[in-house]
Structure formats: structure tokens, C-alpha cells
Amino acid sequence: MKLAQASDSFQLSFVNTIEEIGAQSWNDLASTDNPFMRYEFLHALEKTGCTRQETGWQPFHVVVCSNNSEESPVAVMPLYLKTNSWGEYVFDWSWANAYKSYGYQYYPKFVTAAPFTPSVGKRIFLRNPDQHAVLLQLIIDKIKEKAEFIGASSWHVLFPTEQEHDALDELGIQSRIATQFHWYNRDYEAFDDFLAALNSRKRKSIRKERKRVQDQGISFRRTEGAEISEQQWADFYQFYQSTYLMRGMQGYLKLEFFHTVARTMPEQLVMINAVQDGRDIAAALFFKNHEALFGRYWGCRVDHQFLHFETCYYQGQVYAIEHRLKSFDSGAQGEHKIQRGFEPILTHSNHWLANQGFADAIRNFLQEERPHIERYRMEAASLLPYRLQS
């Protein structure tokens with residue numbers, strides 16, 4: 001089907017709240033497996049004021065319907081009109097500064113992402129995969145039209161799947177790569193099986209770190225989402241905010257957001273609390289689905305040696321092994337994860353810029369950046385602590 005025919009067959013709209021699409025219509029397309037693309041997650045962000053114009057995350061979601069049917073949407077995509085680059089984890093501050101230095105405005109811009117969440121996942125959801133090429137081209141063209149109409153400089157798709165990334169790249173939405181560190185459960189029956197896969201020095205190092213935490217009288221309590229108490233949430237939020245206050249910032253998310261997802265999607269939450277002398281001193285909140293664990297938010301009342309590593313990494317690995325989860329995405333950055341078995345992977349983003357001169361300059365920048373990222377990933381992989389297989 002040609003694009004002209006597609007324009008006659010489908011109607012694309014931009015909506016300012018996900019409520020306008022509805023939970024059933026959204027989740028029917030996006031599924032409920034990826035916690036950060038669920039209606040419940042995105043709706044909680046909107047209803048509690050985390051994603052709104054004042055925070056620089058104005059919802060501008062894409063919904064495509066068939067002109068020939070009264071059925072639910074045939075495609076949806078999260079979209080935000082951004083007036084800053086906070087909470088994205090694909091850094092383009094230098095691009096904004098370059099625009100400003102030449103007298104242009106970089107903001108507003110369009111962003112397709114899971115807000116405040118650097119986790120890979122599908123971003124464009126279609127009812128019929130056979131319509132992928134047609135609908136993707138339609139979405140691209142309409143976003144370009146809307147960007148020109150409202151003066152948005154660009155559109156950025158953050159942490160899409162590799163397949164989506166490649167499809168966007170083929171249609172001229174420029175490609176960028178970055179690195180994260182993920183842990184993979186290779187059918188371990190227990191944490192000791194994971195340790196047995198490491199070289200002797202790193203295995204001893206991890207055991208020493210874990211014993212040091214234990215020797216400080218710290219134990220751990222695991223609570224599934226529906227069982228997390230009000231006091232646990234209150235303490236967790238204090239810990240969460242403390243990680244930002246140390247950097248002179250406020251956390252992106254409100255306590256009401258956590259209460260809301262605890263109520264609407266508890267089956268995808270687990271909290272791990274560190275306890276010392278009968279008092280919670282730290283907590284980490286994880287999301288999960290049927291095959292992966294996602295470490296996202298953490299904080300502590302008092303810092304202790306190796307407490308962060310135990311709470312956020314080792315306890316997560318233990319949980320993943322016990323629940324036979326295949327992987328553990330512990331969030332952005334962190335070279336210290338390598339020696340704890342987290343492997344460097346490539347993540348992707350795609351970028352379209354309306355100004356052709358800047359688009360050409362950024363294309364050159366991304367081409368020059370790519371071999372450095374690829375080399376970094378290979379060098380990081382060479383430092384992994386796993387024993388060589390004979």
C-alpha cells in the first residue's frame with residue numbers, strides 16, 4: 001500500500017492525555033508485559049503530575065484509527081512535547097547548546113520514550129504487523145508536519161527495540177548507539193552457581209563484599225508489590241529523594257506516583273529493604289515481567305560499605321535466579337557493574353532534526369561517535385569476570 005493510499009485509510013491524531021485513548025485500547029496494543037509501556041504506568045505519571053507541561057513532559061500521544069471502521073485504534077505510540085532534556089538518559093544537551101549558539105531554539109522537541117526510564121522496549125504498537133511499513137511512514141510524516149506547525153526542532157525515539165531502531169533508520173531517522181550493563185541468568189539454580197561461573201579472584205571479591213554487609217548486622221527483607229506497607233513506601237520515598245538531594249536535585253517522581261502503581265500494577269513490583277537493628281536503612285524498588293527484572297530506584301538512610309551493591313545488584317540477581325527470570329536490567333551507566341557480572345550491551349535511539357544544516361552536522365557527529373561506543377563496549381566486555389570456557 002502506498003503512502004497516499006494509507007492517508008486515505010487511516011486517521012492519525014495527537015492527544016494530550018492517555019485517558020483519551022483508554023486503558024483497554026492502549027493495553028490491547030502495547031500488552032501488559034513491559035511495565036514501562038503499560039497504560040497504568042504512563043497514566044500514573046500523568047495523573048500525579050510527573051509528566052505535564054510544567055515538568056517539561058507534556059503528553060502528545062499518537063493514536064491511529066482506521067477510517068473504515070469503528071473499532072479500537074490500529075496503532076498507538078507514546079509521545080511527549082519536551083521543553084528540556086531531563087529524565088531522558090540519551091544526552092543531547094550539547095545539541096541544544098549548539099542550537100542556542102547559532103540563535104536557534106532547540107526546545108520544544110518531540111520525544112518518544114518511557115519517561116524517566118532508560119529501559120529498552122517497543123515504542124510503536126500496531127494491531128496488524130503487516131501494516132508496519134505504512135503506519136510507520138504515516139507516523140513519521142505526521143510528526144514532521146506537526147513539528148513544523150508548532151515549531152518543534154526535532155523528534156527523538158529513545159531506547160526502542162533494535163528492530164524498531166533499524167526500521168526508523170532505514171526511513172531516515174538517524175541512528176545513535178550507547179551502552180548499558182545487563183546481567184543474564186544462564187540457568188543458574190542458586191547464586192553460588194553464578195559465582196562458580198566467575199574467575200576465582202572476582203568470586204572471592206563478591207563473597208567478601210557480601211560478608212562485609214552481613215558483618216555490619218544488615219539483613220534484607222523482600223516484599224512483593226501488593227504487600228508493601230504504607231510505612232515501607234514512606235521510608236522508600238525518603239531514601240529515593242536522598243539520592244537526588246545529594247546532587248542538589250529533586251527526584252522526578254512523586255510519592256503519589258509510587259502509591260498509584262502499587263495499586264494498579266502491584267504484580268510487577270518488588271521492594272527489597274535493608275534492615276539494621278530492626279530499622280529499615282535502605283530500599284530498592286524493582287519492576288519485573290515474566291522474563292526480566294528491572295532495577296530502577298534506590299536510596300539509603302545511612303550509607304554503609306557495599307550496601308548499594310548488595311541491595312541493588314546481588315539481591316536482584318538472587319531474586320532473578322529464584323524466579324527463573326532470564327535477565328536483569330539494572331539501569332543506566334555504571335562501569336562498577338562489570339566486575340559483578342553485568343555485561344555491556346548496545347542500546348539505541350533515533351533522531352530527526354527539522355533544520356537540515358543541524359541534521360547534517362549531527363549525522364557527522366553520530367558517525368564519528370559510533371566507533372568509540374563500539375570500541376568501549378568491546379573493551380568493557382574484555383573486563384568481564386567470567387571464567388574462560390575450555
Subject >> Filter result (free of Cβ contacts under 8 Å to residues at least 60 places away in the same chain and hydroxyl-bearing (Ser, Thr, Tyr)) within the range 33-54 >> reply: 39
Subject >> Among the candidates 114, 167, residue that is under 30 Å from residue 378 (Cβ atoms), touching a residue at least 24 places away in the same chain (Cβ under 8 Å), in a helix (DSSP H, G or I) and in the same structural domain as residue 367 (by TED's automatic domain parsing) >> reply: 167
Original post:
What residue, among those in the range 347-390 that are of a type in the set (Asp, Glu) and over 22 Å from residue 332 (Cα atoms), is surrounded by the fewest Cβ atoms within 10 Å (Cβ to Cβ)?
Top reply: 368
Subject >> the range 114-148 - residue that is among the small types (Gly, Ala, Ser) and within 13 Å of residue 164 (Cα to Cα) and, of those, surrounded by the fewest Cβ atoms within 10 Å (Cβ to Cβ) >> reply: 133
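Out of the residues in the range 129-162 that are assigned to a loop (DSSP other than H, G, I, E, B) and within 25 Å of the chain's Cα centre (by Cα), state the one that is farthest from residue 52 (Cα to Cα). Reasoning before the result, please.
Filtering the range 129-162 down to residues assigned to a loop (DSSP other than H, G, I, E, B) leaves 151-153, 159-161.
Among the residues that remain, those that are also within 25 Å of the chain's Cα centre (by Cα) are: 152-153, 159-161.
Working: 152: 17, 153: 19, 159: 21, 160: 22, 161: 26 Å.
That would be 161.
Being crowded, with 19+ Cβ neighbours inside 10 Å, of a type in the set (A, V, I, L, M) and either out of contact with any Leu (no Cβ under 7 Å at 6 or more places or on another chain) or under 14 Å from residue 231 (Cα atoms) (or both) narrows it down to one of 292, 284, so name that one. If you could, list the steps in order and put the result at the bottom.
Details: 292 fails: either out of contact with any Leu (no Cβ under 7 Å at 6 or more places or on another chain) or under 14 Å from residue 231 (Cα atoms) (or both).
Exactly one residue qualifies, and that residue is 284.
The values are calculated or read from the model by the stated rules, or taken from the named source; none is laboratory data. Keep in mind the model is a prediction, meaning the values are calculated, not measured. As a convention, Cβ positions derive from the backbone with ideal geometry for all residues, glycine included, and neighbour counts pool all protein chains shown.
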